[in-house]
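What follows is calculated from the coordinates using simple rules that are stated; it is not laboratory data. Predicted model, so just to flag it, every value in this text is computed and none were measured. A quick note on method: Cβ atoms are made from the backbone with ideal geometry, for glycine too, and the neighbour counts reach across all protein chains shown.
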Amino acid sequence: MATIPAARPTAGARPHTRRLSLSGVIAPLATAVTLLGIAVALVLPPILLHPLLDAAGSHLLLGISTAEAHRLSDLTVTELVFGPGSFAFTGPSGGPMFDAAEIAHLRDARTLLWMFLTAAALSGLAAIMLAIRTDARLALIRVARGGAVLVLGVAVLGLVALIAFGPAFEAFHVIFFPGGNWAFSATQRLVQLYPFAFWQLVSGLVAIFAASLGLATWFTARRLGRRLGSAVAAD
């Protein structure tokens, strides 16, 4: 009996497989980064920041009213997000709110924030482009995985923060502000307006938003993927 030789893979099969495999990694990561960017953006409105400032005691540290602390924070965040990034406005005593070192750090923080938000936007665009070029059910599976990746990441980082928020906070600044212009004394306005407790609260709120978005994305995409799979099977 004649033996039929096994078919050899075509020259283009292996690169195509690699491309699919790479897309399977990039799409979930892009989804996770996009959702994290949304979570960060969600904590920036004054309606959310004001209660955190009050809980952290910013007005007490500055020796001013809560309304004045809110106003100073609003000015700072507006410059941080929309520019121009001069941070040259009047403080409680009538002089400049921040000194030169504080302004330099805020400018670095503004650059870092916009780099991250830009990366999140580009990640969202990449996730959409990959979804368009992929089977709909597979695209939903990858989106669901992205949501799961974010939830897992938040859980791990949340555990680290619960155990050692201080060292983690310091490590973040060492990595992203290598110039060292991030350590300020307790008498400086930037630390008084945004004390350590404020950053604990903000980090917790970002984690809650990120985990919620991740869970919602995982659940919704997974459910839609199953429905689509059932519809295809029925046809």
- Before rounding to the nearest 500, sum -39500 (n - 2.57) across all DSSP H runs of length at least 4 in the chain and divide by the residue total; then give [θ] at 222 nm in deg cm²/dmol. -27000 deg cm²/dmol
- Item | Calculated over the chain: convex hull of Cα atoms, volume per residue (Å³) | 183 Å³
- Relative to the longest principal Cα axis of the chain, at what angle does helix 100-132 sit, 0 to 90 degrees, rounded to 10? 20 degrees
- Between the helical axis of 136-176 and the dominant principal axis of the chain, each derived from Cα atoms, what acute angle in degrees is found, rounded to the nearest 10? 30 degrees
- Message: Could you tell me the center-to-center distance, by alpha carbons, between the range 171-212 and the range 24-61 in angstrom?
- Response: 12 Å
- Query: Once the other residues with Cβ under 12 Å from the Cβ of Gly91 are scored (Lys, Arg +1; Asp, Glu -1), what is the net sum?
  - Reply: -1
- Query: Does anyone have the angle between helix 13-42 and the longest principal axis of the chain? Alpha-carbon axes, 0 to 90°, nearest 10?
  - Reply: 30 degrees
- Positive dipole terminus of the chain, leading residue within Thr220, Ala55, Ala101 (C-beta point charges): Thr220
